[in-house]
1. How many of the residues making up the range 198-247 are of a type outside the set (Ser, Thr, Tyr), touching a Lys or Arg at 6+ places or on another chain (Cβ under 8 Å) and under 23 Å from Met331 (Cα atoms)?
2. Is it the case, given these coordinates, that Leu249 is surrounded by 20 or more Cβ atoms within 10 Å (Cβ to Cβ), touching a residue at least 60 places away in the same chain (Cβ under 8 Å), under 15 Å from the mean Cα position of the chain (by Cα) and closer than 25 Å to Thr18 by Cβ?
3. Which condition from (1) out of contact with any Cys (no Cβ under 9 Å at 6 or more places or on another chain); (2) surrounded by fewer than 18 Cβ atoms within 10 Å (Cβ to Cβ); (3) part of a helix (DSSP H, G or I) is the one that Asn212 breaks?
4. Could you list all residues from the range 6-35 that are in a strand (DSSP E or B), surrounded by 24 or more Cβ atoms within 10 Å (Cβ to Cβ) and touching a Leu at 6+ places or on another chain (Cβ under 6 Å)?
5. With among the aliphatic types (A, V, I, L, M), touching an Asp or Glu at 6+ places or on another chain (Cβ under 9 Å), buried (at least 18 other Cβ atoms within 10 Å of the Cβ) and not assigned by TED's automatic domain parsing to the domain that holds Glu239 as the only criterion, which of Ile45, Ile51 stands out?
6. For residues that are at pLDDT below 95 and polar (S, T, N, Q), scanning just the range 157-183, find the one that is farthest from Lys215 (Cα to Cα).
7. Identify, please: which residue in the range 121-135 is within 20 Å of the chain's Cα centre (by Cα) and among the charged types (D, E, K, R) and is, among those, surrounded by the fewest Cβ atoms within 10 Å (Cβ to Cβ)?
8. When you go through (1) part of a loop (DSSP other than H, G, I, E, B); (2) closer than 27 Å to Leu82 by Cα; (3) over 18 Å from the mean Cα position of the chain (by Cα); (4) not hydroxyl-bearing (Ser, Thr, Tyr) one by one for Lys138, which number turns out not to apply?
Amino acid sequence: MKILIIRFSSMGDIVLTTPVIHSLKQEYPGAKLDYLTKSEYADIIVHNPDIDTIIKFNSNKDSIMSLSKLIKSLNYDVIIDLHNNLRSLIIKTINLNTKKYSYNKKHLKRFLLTKRSFRKRIKPINSTVDLYKTALDKIGLQLKTRKLYFYLPEEAIYIYRRFNLPESTMNIVIAPGAAHYTKQYPADYYAKLIDKLYEEFQPTFIMIGDKNDKKTVAEIKQNTDKKIYDICGETNITELATIISVSDLFISGDTGPMHIAAAFNIPQIAIFGSTHPMLGFAPLNDKAQVVQKDLFCRPCSLHGRKKCPLKHFNCLREIGPTQIFSIANNMIKKYRSNDEE
């Protein structure tokens, strides 16, 4: 049997497909299991032993029609569409003779959950993994696990050393950026948090993200005199994941690296602003703590906004650095104590 999974993007969403990948391989151990994604996200699954071949799509160079014809020539028995957008629809349409199963995005439910008059009457979505599971339900298969997977190459430790980070008894990794402004914890708050954490633990602070996050890190640095290692925009996905994997504590907003930290079962603090865990975005990690403010205006959107529609940004401004420090302090002491036993 030949099975193709489709998920073009993005970082967190692809990590969240890994329980489906694992479940399919457990159910059909002899099947050839391939994965179609955008080229820039292939590293998320390149070392996954459950995947046989990754088909990379470069949206700047490749046409969806040529890609569809390539998929048709490979003669898949089953296509499992975990993206369910126009591109994947074209692929499914051209591959008429292939069995196709798509996941239920639950657009209406998610939309209504962002509306104050409906949200208390609608059951929340525990995780996007549960939405992906709907594709397996159509085949009659069970989701074997909800655990997330991220596999690193054997030389990962050498990847870490390449960044000349100091030998430290404690690494605190922070992903301060996000795709949308209303998902970013304020830079001045991060600076105050870093001051408090340094006073208590003297850790190494490592900032990760893309090149667009350097501006945020620069603002954090303006508000603290503590040493910060900024490698935003300097890592590929494998390198970024490696840095996360050796952290003692990971702090972020609702963003892709949050799900990578969950896959490694790293103690983590996930700070939610305009989005909400009930939309399916909570980290699947028993060592994670979500921090959020219960406001009438939350969530105001599914994926975040460029600015606060009410112009107060209370969803994050009312989560002070002292509150985050208290949670971090308890987590560090709890999990370091467990490691020493």
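1. 2
2. no
3. That leaves (1) as the condition not met.
4. Once the filter is applied, which keeps residues that are in a strand (DSSP E or B), surrounded by 24 or more Cβ atoms within 10 Å (Cβ to Cβ) and touching a Leu at 6+ places or on another chain (Cβ under 6 Å), the range 6-35 yields only Ile6.
5. Ile51
6. Thr169
7. Result: Asp130.
8. So Lys138 meets the others, but not (1).
The values are calculated or read from the model by the stated rules, or taken from the named source; none is laboratory data. Predicted model only: the values in this text are computed from it and were never measured. No Cβ is skipped: glycine too gets one built from the backbone with ideal geometry, and neighbour counts run over all protein chains shown.
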